[in-house]
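First the structure, in the form of structure tokens, and then the observations on it.
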Amino acid sequence: MSGDRPSQNEVDESVAARPFAAPRVQMDGAHLLRAIAALAVLYSHISFWVIDDLGESWWFLDASAAVLNGMLGLTLHLSLVGVGIFMLLTGLLVTRSAMRQTRRDFMVARLARLVPAFWFTLVLVLLIGAAENNGDIGIGIVDAALNFVLGGFFLTPQVLVLGVTWTLVVQAVFYLYCTAMRSVLRSAPFLVPLVGAVLCVSILLYNLTVPEGWAVPFLTRVAAILPTLFLGQIIYLAWARLVAWRWVALAVLAQVEVVRLAIHTDAFWMGYRYLWTLFVITVAVVLLARYSGSITRWPLVHWLGTRSYAIYLLHTLVLYRTYNTVQPSLGTSAAVLVFLAITAVLAEITYRWIELPAARHISATYARLRARSTA
């Protein structure tokens, strides 16, 4: 009977919900790369704080800088090394999900993974700030609320509760772009990083040429970092054999040109050394992402890999307070060790009691609601 036939909209939704044949690429080295990225982020902020902000020295930083900066030519303080690895991994691991899942499923999965720990950390920062300032959180209620949706980065001047979360803006833009380009990602995937490069160039040129009042300065940083996500996406498309090698080469060159433009417009303070650093970390991701050696099964590597997001969110909350309290009496080495210990405890608590259970609860609730809606 015609009355029992599904409507065209229902047929279209059913087709869109079918899993897309995006090949799975085994990533046994993902936790190892996350562990390296987390350690690089910790190193970077310790180095910035001790050397640049305090004007002091520490034997470990002096020795490591001689190798990492002097011999290997990486950016000073390993700036953007950890962030770059995290971004490359995001593009590498998320692209398949963006191709297979519906737009709604994809975004719910990403939000369930990122938002609970992010909000928990913001609340913790505000509570600690209020405790240190006799109940005053230091910013207005509206500005504080904007930080929960990453709006503080777009204010002039910026009003930030947790500065490291600027990377979440970049990730959110990438997620939204992937959902908007989902059909293209399925039908002509080589176009997605190429169009992304064009958009990044457009943003950089827009902020460079328009009057100051019309520019959105923070978008310059977003456009400058997005190529790392697109490089990860290109690696997946190449490994999954969804894109011919000539398109892979063209897409990579497009991202390199975006980075070169960003350097030329002073989006990166470390200049062209960042381009070399990006090359090094891209090679590292290519070599280690599918590596399955014994080191990938070390408990410490697994712990760092699974807690890397919590470590990233929490470490600046702990670093400066711990260092200022411990260093004057026990020295820099003891201060760093205490900082690492406190960060590890807070990361474990956040991962076990906030990040993991919240993600499971949100995913399960969404699955029930979706099943009920379908029924």
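The values are calculated or read from the model by the stated rules, or taken from the named source; none is laboratory data. Bear in mind that the values here come from a model prediction, so they are computed numbers and not experimental data. Note that we place each Cβ from the backbone using ideal geometry, even for glycine, and neighbour counts take in every protein chain shown.
May I ask you to list pairs of residues, at least six apart or on different chains, whose Cβ atoms are under 6 Å apart, with the first in segment 271-283 being touching a residue at least 40 places away in the same chain (Cβ under 8 Å) and over 11 Å from L88 (Cβ atoms) and the second being among the hydroxyl-bearing types (S, T, Y) and in a loop (DSSP other than H, G, I, E, B)?
What qualifies is R273/T75; Y274/T75; T277/T75.
Give segment 135-147 a look and list any residue that's surrounded by 15 or more Cβ atoms within 10 Å (Cβ to Cβ), of a type outside the set (S, T, N, Q) and under 21 Å from A117 (Cα atoms), or say none. Spell out the reasoning first.
As a first pass, look at segment 135-147 and keep what is surrounded by 15 or more Cβ atoms within 10 Å (Cβ to Cβ): 137, 139, 143-144, 146-147.
Filter once more, keeping what is of a type outside the set (S, T, N, Q): 137, 139, 143-144, 146.
If the condition is that a residue be surrounded by 15 or more Cβ atoms within 10 Å (Cβ to Cβ), of a type outside the set (S, T, N, Q) and under 21 Å from A117 (Cα atoms), then I137, D143, A144, L146 are the ones that fit.
Is there a residue being touching a residue at least 12 places away in the same chain (Cβ under 8 Å), closer than 20 Å to A267 by Cα and of a type in the set (S, T, N, Q) anywhere in segment 230-243? Give the derivation first.
Residues of segment 230-243 touching a residue at least 12 places away in the same chain (Cβ under 8 Å): 230-237, 239-243.
From the residues that got through so far, the ones that are closer than 20 Å to A267 by Cα too are 230-231.
Among the residues that remain, those that are also of a type in the set (S, T, N, Q) are: none.
No, that holds for no residue.
If we keep just the residues of segment 330-375 that are touching a residue at least 60 places away in the same chain (Cβ under 8 Å) and within 20 Å of the chain's Cα centre (by Cα), which is farthest from A112 (Cα to Cα)?
T343
Being in a helix (DSSP H, G or I), β-branched (V, I, T) and within 26 Å of A341 (Cα to Cα): is that true of V41 here?
Yes: the conditions hold for V41.
Which helices (runs of 4 or more DSSP H) does segment 261-374 wholly contain that include 2 or more residues that are within 24 Å of V25 (Cβ to Cβ)? First the steps, then the outcome.
On the way: elements: 273-288, 299-330, 332-350, 356-374.
By residue number, 273-288, 299-330, 356-374.
Taking F268, is it under 19 Å from the mean Cα position of the chain (by Cα) and surrounded by fewer than 20 Cβ atoms within 10 Å (Cβ to Cβ)?
Numbers: under 19 Å from the mean Cα position of the chain (by Cα): yes; surrounded by fewer than 20 Cβ atoms within 10 Å (Cβ to Cβ): no.
Against the criterion (under 19 Å from the mean Cα position of the chain (by Cα) and surrounded by fewer than 20 Cβ atoms within 10 Å (Cβ to Cβ)), F268 does not qualify.
Looking only at segment 162-197, filter to residues that are loosely packed, with under 13 Cβ neighbours inside 10 Å and under 24 Å from A244 (Cα atoms); which one of those is nearest to the chain's Cα centre (by Cα)?
So the residue we want is A180.
Counting only residues that are under 21 Å from M27 (Cβ atoms) and either at pLDDT below 95 or not in a helix (DSSP H, G or I) (or both), how many does segment 202-245 have?
4
Looking at segment 225-236, which of its residues are aliphatic (A, V, I, L, M) and surrounded by 24 or more Cβ atoms within 10 Å (Cβ to Cβ)?
Selection gives I225, L226, L229, L231, I234.
Across segment 46-58, what is the number of residues that are free of Cβ contacts under 8 Å to residues at least 60 places away in the same chain, part of a helix (DSSP H, G or I) and not polar (S, T, N, Q)? Quick ask: steps written out before the conclusion?
Within segment 46-58, the subset free of Cβ contacts under 8 Å to residues at least 60 places away in the same chain is 47-48, 51-55, 57.
Adding the requirement that they be part of a helix (DSSP H, G or I) leaves 47-48, 51-53.
Add one more test, that the residue is not polar (S, T, N, Q), and what stays is 48, 51-53.
Qualifying residue count, segment 46-58: 4.
Return the total of residues in segment 284-306 being under 16 Å from L89 (Cα atoms) and without any contact (Cβ under 8 Å) to a residue 60 or more places away in the chain.
Residues in segment 284-306 being under 16 Å from L89 (Cα atoms) and without any contact (Cβ under 8 Å) to a residue 60 or more places away in the chain: 2 in total.
Yes/no matrix, rows are residues, columns are (1) within 26 Å of T343 (Cα to Cα); (2) hydrophobic (A, V, I, L, M, F, W, C); (3) in contact with a Lys or Arg (Cβ under 8 Å, 6 or more places away or on another chain):
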| position | (1), (2), (3) |
| --- | --- |
| F48 | yes, yes, no |
| G91 | no, no, no |
| R96 | no, no, yes |
| R110 | yes, no, no |
| P116 | yes, no, no |
| G129 | yes, no, no |
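I need the full set of residues from segment 142-182 which are hydroxyl-bearing (S, T, Y) and farther than 28 Å from Y236 by Cα, in order please. Step through it out loud before you land on a result.
Here is the first cut: in segment 142-182, the ones hydroxyl-bearing (S, T, Y) are 156, 165, 167, 175, 177, 179.
Listed by number, the list holds a single entry, T156.
Return the only residue of L89, L42, L93 being within 20 Å of R221 (Cβ to Cβ) and either aliphatic (A, V, I, L, M) or surrounded by fewer than 22 Cβ atoms within 10 Å (Cβ to Cβ) (or both).
Working: L42 fails: within 20 Å of R221 (Cβ to Cβ); L93 fails: within 20 Å of R221 (Cβ to Cβ).
Only one candidate passes the filter, namely L89.
To keep it simple, each residue is scored yes or no on (1) in contact (Cβ under 8 Å) with a residue 60 or more places away in the chain; (2) of a type in the set (S, T, N, Q); (3) in a helix (DSSP H, G or I).
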{"residue": "D62", "(1), (2), (3)": "no, no, yes"}
{"residue": "G73", "(1), (2), (3)": "yes, no, no"}
{"residue": "H77", "(1), (2), (3)": "no, no, yes"}
{"residue": "I85", "(1), (2), (3)": "yes, no, yes"}
{"residue": "L89", "(1), (2), (3)": "yes, no, yes"}
{"residue": "T95", "(1), (2), (3)": "yes, yes, yes"}
{"residue": "F106", "(1), (2), (3)": "yes, no, yes"}
{"residue": "A112", "(1), (2), (3)": "yes, no, yes"}
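May I ask you to list the residues in segment 169-202 that are among the aliphatic types (A, V, I, L, M) and under 18 Å from L92 (Cβ atoms)?
Just the residues of segment 169-202 that are among the aliphatic types (A, V, I, L, M), to begin with: 169-170, 172-173, 176, 180-181, 184-185, 188, 191-192, 194-195, 197-199, 201.
Those that are among the aliphatic types (A, V, I, L, M) and under 18 Å from L92 (Cβ atoms): V170, A172, V173, M181, L185, V192, L194, A197.
Given the conditions (1) buried (at least 16 other Cβ atoms within 10 Å of the Cβ); (2) without any contact (Cβ under 8 Å) to a residue 40 or more places away in the chain; (3) not polar (S, T, N, Q), report the number of the one that E132 does not fulfil.
If we test E132 against (1) buried (at least 16 other Cβ atoms within 10 Å of the Cβ); (2) without any contact (Cβ under 8 Å) to a residue 40 or more places away in the chain; (3) not polar (S, T, N, Q), just (1) comes out false.
Quick check on segment 246-256. Is at least one of its residues exposed (fewer than 12 other Cβ atoms within 10 Å of the Cβ) and either on the phi > 0 side of the Ramachandran plot or part of a loop (DSSP other than H, G, I, E, B) (or both)?
No, segment 246-256 has no match at all.
Kindly state which helices (runs of 4 or more DSSP H) lie completely within segment 141-195 and contain at least 3 residues that are β-branched (V, I, T) and modelled with pLDDT of 95 or more. Working first, answer last.
Values: elements: 141-147, 166-180, 182-187.
The helices (runs of 4 or more DSSP H) meeting that bar are 166-180.
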